[in-house]
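First comes the structure, then the notes that go with it.
The values are calculated or read from the model by the stated rules, or taken from the named source; none is laboratory data. Because the structure is predicted, anything quoted here is derived from the model rather than measured. Here the Cβ positions follow ideal geometry from the backbone for every residue, glycine too, while neighbour counts run over all protein chains shown. Quick note on the areas: whole protein, heavy atoms, side chains included, nothing else; ligands and nucleic acids left out. Shrake-Rupley method; radii C 1.70, N 1.55, O 1.52, S 1.80 Å.
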Amino acid sequence: MGTKETKKWWILGALSFALLAVGLDMTVLNVALPTLATSLNASTSQLQWFADSYNLVLAALLLPAGMLGDRYGRKKMLLIALLVFGAGSIGCANSDSPEMLISMRVFLGLGAAFLLPLSISVLPVFFHGEERSRAMMIWAITNMLGIPLGPIVGGWLLKHFEWGSVFWINIPFVVIGLVAISFLMPENRSKISSKIDYLGIFTSSIGLTMVTYAVIRAGEKGWSDASVIILLIVGVVILGIFTIWQRYTKHPLIDLSLFRSASFTWGSILATLVSFAMFGLLFAIPQFFQAVKGYDTFGTGLRLLPMIAGLMVGAKISDQLSKRIGSKNNVAIGFLVLAIGLGIGAWTDLESGYWFAALWITISGIGLGLSLPNSMDAALAELSAERSGIGSALIMALRQVGGTIGVAILGTVINSSYRHHLNMKGLPSTVTEKVEQSVSAGVVIAKQLKFNRLLDSVQKAFIHGMDMKLIGCSGIAIIGCLLAFLFLPHKQHGAKKANKA
């Protein structure tokens with residue numbers, strides 16, 4: 001392997017290392033929330049905004065970030081993004097009020113909005129064919145490593161250091177990413193220099209932000225809340241205006257002709273469905289380990305590792321399987337394995353041991369390893385080097401919104417089922433209201449009251465809701481299997497054509 005061939009894999013390693021900081025940050029905050037509530041005297045609403053400020057900025061800026069990378073240089077934008085992410089991490093670690101932490105989380109969201117699409121946008125530039133598929137798998141595995149590592153690293157740091165350490169941990173990743181990208185990665189940008197679509201940037205950012213915020217509020221207030229309905233309608237209307245504008249303007253922010261490609265369209269849709277099911281799963285299983293099984297955050301993170309092991313096995317199998325049966329059938333099989341894993345998980349009850357959870361989590365991880373990288377690779381195959389930034393940002397925006405909607409809708413399923421199956425006869429209304437808030441609150445109150453019947457009811461009610469949710473996720477995976485089998489092309493015919501554009 002020549003020097004140039006070796007260098008591009010080192011570039012991918014540098015990008016993956018930087019991306020790990022983003023993955024850690026997305027999960028480590030959940031571990032730190034109880035500590036932040038007391039250390040900063042933060043209200044429940046402010047705790048929610050610690051996460052929401054990050055997610056809303058991420059949703060708003062994904063598409064402009066991809067466009068700026070194409071126009072001004074992906075290396076330059078990646079370096080700026082790492083500096084912003086690092087500065088935001090330092091700001092978060094030194095925050096002395098909830099308001100300051102919320103504002104610093106905005107900077108983290110800004111950095112992540114550039115790092116996520118631009119780290120994937122270089123894959124169509126440096127890698128082609130089977131190499132691109134392998135690079136996509138490495139990217140996907142790195143992107144998911146933060147899920148179990150966040151609780152593990154965060155739990156250990158909070159046990160031994162101040163809460164600011166969960167943000168200081170980002171700095172080594174940022175520094176190594178800055179040095180490696182600076183020295184290893186050549187600058188690359190689109191050769192097409194068109195005018196900036198300011199109206200497209202404005203309407204896409206506002207529309208995606210409003211839809212994302214509506215979905216977040218739906219998780220708190222319910223889907224019938226007037227503010228949720230208004231935000232959702234206005235957001236969808238603005239996105240409709242954005243789409244119409246993209247069809248008729250001479251210099252669109254996104255190339256709608258990409259959706260004429262079955263590979264891009266169905267690859268993006270299938271990657272979004274994977275995110276929908278995956279984020280729904282990851283919302284429930286940590287609560288099960290902590291509230292029902294009594295593990296701490298560190299122990300919960302360790303018990304999520306089988307999913308990563310399954311993901312790596314699935315990705316390894318996928319590399320050989322695609323050569324034999326094609327990526328189309330590979331993706332379909334991945335969704336089927338994911339559906340089986342989630343379906344097995346739906347049989348969980350109060351007496352289920354960890355071995356049972358490890359079994360279905362591992363199977364689900366194998367399904368993710370087979371379906372997610374290949375779905376995204378099908379879409380990436382259609383991107384030319386000139387438009388890889390905005391194309392990758394479009395894929396990530398669909399995944400981000402799909403994941404957010406997945407958490408909200410499936411969260412509604414689990415919360416509704418949880419409240420419906422609670423047995424709180426004889427308890428005062430002040431207690432029932434707190435128990436109904438969440439399974440974590442219910443467990444704490446039941447233990448404080450030393451009321452075993454209530455504890456049993458809370459845990460059984462949550463498990464019933466989780467099982468319903470896993471059935472829903474399994475159904476989504478079955479739909480993904482059918483869509484992949486029916487609509488995903490056997491070969492990505494558009495790759496060469498796109499690269500000539």
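Remarks
- Measuring nothing but how far apart in sequence close Cα pairs (under 8 Å, 6+ apart) lie, relative to its length, region 125-249 scores a relative contact order of 18 percent.
- Region 43-138: relative contact order in percent, alpha carbon pairs under 8 Å with at least 6 residues between: 37 percent
- Computed on the Cα trace of region 225-321, the radius of gyration divided by the Kirkwood hydrodynamic radius gives Rg/Rh = 1.15.
- Using alpha carbons only: equivalent-ellipsoid semi-axes of region 161-253, gyration tensor based, whole Å: 34, 29, 7
- Full extension of the chain segment joining Lys316 with Trp355 gains 11.7 nm, where the gain is 0.36 nm per residue of separation less the Cα-Cα distance.
- At R0 = 51 Å, FRET efficiency that the Cβ-Cβ distance of Lys447 and Val179 yields, to 0.05: 0.55
- Value of relative contact order over the chain, rounded to a whole percent, pairs C-alpha under 8 Å and six or more apart: 21 percent
- Accessible area of region 99-228 belonging to carbon and sulfur atoms, whole % at 1.4 Å probe: 70 percent
- Long-range tail of P(r) for region 243-398 (Cα pairs > 21 Å, %): 52 percent
- Whole-Hz couplings from phi, Karplus 6.51/-1.76/1.60, listed for region 99-104; x for Gly and Pro: 5, 5, 5, 4, 5, 6
- FRET efficiency, 1/(1 + (r/R0)^6) with R0 45 Å, evaluated for Tyr248 and Glu162 via beta carbons: 0.25
- Distance between the 7 Å Cα→Cβ label points at Ile233 and Lys293: 4.5 nm.
- Dipole magnitude of region 325-468, debye to nearest 20 (Cβ charges: Lys/Arg +1, Asp/Glu -1, about Cα centre): 420 debye
- Pairwise FRET efficiency - Ile80 versus Lys7, Cβ, R0 = 25 Å, nearest 0.05: 0.65
- Alpha-carbon centroids, region 122-152 and region 276-313: separation in whole Å: 20 Å
- Per-atom-type breakdown for region 325-422 gives carbon and sulfur 71% of the accessible area (1.4 Å probe, protein chains only).
- Over the chain: helical MRE at 222 nm, DSSP H runs n ≥ 4 each giving -39500 (n - 2.57), nearest 500: -28000 deg cm²/dmol
- Measuring between alpha carbons in the structure, the pairs from Lys7/Lys316; Lys221/Lys450; Lys159/Lys460; Lys8/Lys250 lying more than 26 angstrom apart are Lys221/Lys450; Lys159/Lys460; Lys8/Lys250.
- Karplus 3J(HN,Hα) series, Hz, for region 393-405 with 6.51 cos²θ - 1.76 cosθ + 1.60 (x for Gly, Pro): 5, 5, 4, 5, 5, 4, 5, 5, 5, x, x, 5, 5
- Shape call, region 381-437: gyration tensor on alpha carbons, a/c limit 1.5: prolate
- Which of Ile169, Gly389, Ala81, positive extreme of dipole for the chain (C-beta unit charges): Gly389
- In the frame of its principal axes, region 215-279 has Cα extents of 40, 30, 13 Å, reported largest first.
- Region 7-21 - phi-based ³J(HN,Hα) in whole Hz, Karplus 6.51/-1.76/1.60, Gly and Pro as x: 4, 5, 6, 5, 4, 4, x, 5, 5, 5, 5, 5, 5, 4, 4
- With only Cα atoms counted, region 96-225 has Rg and Dmax values of 19.0, 53 Å.
- The chain - accessible surface per residue (Å², probe 1.4 Å): 42 Å²
- Reported value for the chain: 141 Å³ per residue, from the convex hull of its C-alpha atoms.
- Binned Cα-Cα distance frequencies in region 367-410 - 10 Å width, integer %: 25, 46, 25, 4
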